[in-house]
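Taken together, the values in this text are just the output of simple stated rules run on the coordinates, not laboratory data. These numbers were taken from a predicted model, which means no experiment stands behind them. Neighbour counts run over all protein chains shown; Cβ positions are idealised from the backbone, glycine included.
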Amino acid sequence: MAAKILLIALLALASSHALASDPSPLQDFCVADMDSKVRVNGFVCKDPTVVKAEDFFSTGLDKAGDTGKKLGSNVTAVNVNKIVGLNTLGISMVRIDYAPKGLNAPHTHPRATEILTVIEGQLFVGFVTSNSDNGNRLFTKMLKKGDVFVFPEGLIHFQFNPGHTNTVAIGALSSQNPGTITIANAVFGSKPPISDEVLAKAFQVDKKTIDWLQAQF
Ligand SMILES: *[C@@H]1O[C@H](CO)[C@@H](O)[C@H](O)[C@H]1NC(C)=O
């Protein structure tokens, strides 16, 4: 009896896990047909007889993104929008450049776990657990060249370059289209804005403070 309950619990866990990630492919590949008017979860497959090597290829990840903007970081994403062959494969990658003191601001990927390695410079990274699982616990680590860190699916995380030289990191994500929700932009920069009454209550500050924060986005 106990074994049966355990088995059912494990099966439930396994199936809920499968639902939380990109679905498994049902064929060798399903190269996205970006011109199709048909809407499905992901993209419709292009005729496999016209698929070419170029559909699985992109170039230029050796080039640094421009880190000149406010936050001093730049994410170059290689996802299904860049490599159409990634459709249904549940994987993508990024190059992230950080100027000295550059920040990849707190954000989440609603559809992917991220594994990241530093190939140049240094990086202070962290993520925060959900409310109930671990009570918003913060996990941080100082990374140097060659170090690897994991940000679990859906959790809020950030990366900061505390050094005086540029940092470069390469990340892999468990979705063809991980999505990014940058917390500050989503909360204070939504269009139309969330009412300052709601945000004042949520953040336990006065409306003027919220209006000022909203004006920054
Ligand atoms: C990132 O870098 C690219 C290439 O230099 C540039 O076109 C883009 O505007 C940059 N994005 C941000 C947010 O700074």
Which of the helices in the chain, when you take each full DSSP H run, stretch at least 18 Å along the axis at their Cα atoms and have an average Kyte-Doolittle score of 0.5 or higher? 2-20
Restricting to aspartates and glutamates and to Cα separations under 13 Å from K207, and discarding same-chain partners fewer than 8 apart, the set is D196, E197
Just the Kirkwood number for the chain, please: inverse of mean 1/r across all distinct Cα pairs, in Å, one decimal. 19.8 Å
The range 73-178 - Rg over Rh from alpha carbon coordinates, Kirkwood radius: 0.98
So which of K46/K82; K101/K201; K63/K144; K82/K141 end up more than 27 Å apart, counting from Cα to Cα? K101/K201; K82/K141
Report the local net charge at V51: Lys and Arg +1, Asp and Glu -1, summed over other residues whose C-beta lies under 15 Å from its C-beta. -4
Taking the Cβ of G154 as the center, what net charge do the other residues with Cβ under 12 Å away carry, scoring Lys and Arg +1 and Asp and Glu -1? -2
Note down the Stokes-Einstein diffusion coefficient of the range 14-111 in µm²/s, whole number, using a Kirkwood radius over alpha carbon pairs, 20 °C, and 1.002 mPa s. 136 µm²/s
